[in-house]
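One structure below.
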Amino acid sequence: MIKTIKMNLDDEKHLSVLSKALSSEVRIRILKKLREKEMNINEIAEELSIPASSAAVHVKVLEEAGLIRTRLLPGVRGSMKVCYICLDHIYIEISTDSLKGTKDEIIRMPVGSFVDFKVAPTCGLAGLKGPIGIEDEPASFYAPERMDAKLLWFREGFVEYRFPNYCLTGKQEKQLEFSAELCSEDHEYNLDCPSDITVWINGIDAGTYFCPSDFGGQRGRLNPEWWPDKNTQFGVLKRWCLNEKGTFLDDKKVSNLTIKEYHLKENDYISVRIGMKEDAKHIGGVNLFGDGFGNVPQELVMRISME
């Protein structure tokens, strides 16, 4: 079963084992191959042009780190060890449990986990293995497979996500940060395609990012091989922040609204809507990147600090 591991600096032993596992280019190549399909030791050795004995050693290191698992299946001569990926995400927080004062809750939302939308072409969704649904067909945003999306785009409208807020029960919110890699949207990448991209939190305008381009011309470093070079390649990581001093977009104050005015405990969730206002000066669309596209290996991230 695919799972997520969250660690911080208190996990010294596991971090050390994990660092060792990822310190080899050969082992990273093995992980990339196993992301595509399950393989046995001999198949790994053949794909990477290394001795089977070396492949077995690398597999053992990856297995000890908890990155892959193996199972024995009947083979031509006895049994063979089949290897497969058992992790989808690893998150490492550069902090320790010994830090006093505020406590942070980090929630990572896949880009395909939206609960509401209103989009107009150009629009679509893509996963690691290929397109999802039909391009420029808004009805594709209803497809169950949307949950596997690692990239979505639309020319007009919005998508809405709902983040759980149970961490705030009995606590006082001090700061909320929302971050996402995004950019404008055109049919193909277009460096002259400005867009005014707004984020609403619980229905309240939390600030508009003027994006100058639908970025391309060089490949996003995370993009799967099937993604065409002519398409959008990457975005910019932007951060919206609410605290007791006001509302900020990156480090620039955009509103005097404080975190309490967003009523984060009013519902069972915190709503985040991303899109363009109908009267925006630049309605240039949105590309939203997950952890398999673009340049930043993250989904949509909300960090809530409380005490």
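Structure summary
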| item | result |
| --- | --- |
| Looking only at the stretch 38-70, and only at residues there that are outside any helix (DSSP H, G or I) and in contact with an Asp or Glu (Cβ under 9 Å, 6 or more places away or on another chain), the one that is surrounded by the fewest Cβ atoms within 10 Å (Cβ to Cβ) | Arg69 |
| Selection from the stretch 250-268 of residues that are in contact (Cβ under 8 Å) with a residue 60 or more places away in the chain and either part of a strand (DSSP E or B) or crowded, with 19+ Cβ neighbours inside 10 Å (or both) | Ile259, Tyr262, Leu264 |
| Any hit, the stretch 94-101, residues being within 30 Å of Asn243 (Cα to Cα), in contact with a Ser or Thr (Cβ under 9 Å, 6 or more places away or on another chain) and either charged (D, E, K, R) or without any contact (Cβ under 8 Å) to a residue 40 or more places away in the chain (or both) | no |
| Per-region count, the stretch 175-187, residues outside any loop (DSSP other than H, G, I, E, B) and either modelled with pLDDT under 95 or polar (S, T, N, Q) (or both) | 2 |
| Count - residues of the stretch 205-218 that are surrounded by 15 or more Cβ atoms within 10 Å (Cβ to Cβ) and over 25 Å from Leu242 (Cβ atoms) | 5 |
| Lone qualifier among Lys238, Lys230 - being at pLDDT 95 or above and outside any loop (DSSP other than H, G, I, E, B) | Lys238 |
| Among residues of the stretch 71-97, those that are assigned to a loop (DSSP other than H, G, I, E, B), modelled with pLDDT of 75 or more and closer than 30 Å to Glu307 by Cα, counted | 1 |
| Residue check, Val119 aliphatic (A, V, I, L, M), closer than 23 Å to Trp227 by Cα and without any contact (Cβ under 8 Å) to a residue 60 or more places away in the chain | yes |
| Leu242 vs. criteria farther than 19 Å from Leu288 by Cβ and in contact with a Leu (Cβ under 6 Å, 6 or more places away or on another chain) | yes |
| Residue tally, condition under 19 Å from Pro110 (Cα atoms) and β-branched (Val, Ile, Thr), over the stretch 132-155 | 1 |
| Phe163 being hydrophobic (A, V, I, L, M, F, W, C), assigned to a strand (DSSP E or B) and assigned by TED's automatic domain parsing to the domain that holds Val296 | yes |
| Test: residue in the stretch 269-276 that is hydroxyl-bearing (Ser, Thr, Tyr) and buried (at least 21 other Cβ atoms within 10 Å of the Cβ) | no |
| Cβ-Cβ under 6 Å pairs, at least 6 apart or on other chains, the stretch 188-215 side outside any strand (DSSP E or B), far side of a type in the set (Lys, Arg) | Glu188/Lys230 |
| Any hit, the stretch 269-290, residues being modelled with pLDDT under 95, in contact with a strand residue (DSSP E or B) (Cβ under 8 Å, 6 or more places away or on another chain) and more than 18 Å from Asp214 (Cα to Cα) | no |
| Ile106, sole failed condition from (1) under 21 Å from Leu237 (Cα atoms); (2) crowded, with 17+ Cβ neighbours inside 10 Å | (2) |
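The values are calculated or read from the model by the stated rules, or taken from the named source; none is laboratory data. These numbers come from a predicted model, not from an experiment. Backbone-built Cβ (ideal geometry, glycine too); neighbour counts: all protein chains shown.
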